[in-house]
Amino acid sequence: MKKRPISYLYFSKVESTMDMAKKKIKQNPELLSSGCVIVSDYQTKGRGTKGRSWVSDNLGGLYYTLIFQPKLFNLTNIDQMQTLVASELKSIIDSIAQLSCEIKKPNDILINKKKVAGILVEASSLANSRLFNYVCIGIGLNLNQKSFGSNLCKSATSLQLEAGKTFEKNDFVQLITTKLLSIF
């Protein structure tokens, strides 16, 4: 049986790409067989770890979630999964933007000590099992923002601010998806 291609769903505005991914899977469980990517121009309730909000009210950012069934990953590997995602995202940013960034464990990517990306990994396990039913990997990446509010200007940056040029969201979407699905 031929595997279906991954589904890409684009929205102008959602509350959260992570929540939308879970909603789409409930509506159409077949999406899990190949995986599904949600991308939005804006999030009204973007979030990070520990319930923190992720400011995502700007067209300049990439607001992304991949939901899929990983091969042979179990609940004891969730920290390892987050580390692998951070490593891949750092590599992608370094390559496309020609910038040197660093990982602030467990889930932030920094350039010049300012946050350029955040990662959120959530999983659902099968009943009475340590195996995942599905995994959601959410990424907020500051691509083309030209400024940040006074509360974030000292702690956040964008690839455009650091590299002095604009970036295409789809270049990142395709590469992030390909890389993540290849390791999980």
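Quick note: the coordinates plus some simple rules give every number you see, no bench work behind them. Owing to the predicted nature of the structure, the values given are computational and were not obtained by experimental measurement. Note that we place each Cβ from the backbone using ideal geometry, even for glycine, and neighbour counts take in every protein chain shown.
A few notes on this one:
- The listed peptides 78-84, 17-23, ordered by packing as a protection proxy, come out as 17-23, 78-84 (highest mean of other Cβ atoms within 10 Å first).
- Sequence-separation-based contact order of the chain, relative, with Cα cut under 8 Å and 6+ spacing, percent: 20 percent
- Rounded to whole Å, sorted largest first: equivalent-ellipsoid semi-axes of the chain, Cα gyration tensor: 27, 17, 16
- Rounded to 5, percent antiparallel among DSSP beta bridges of the chain: 80 percent
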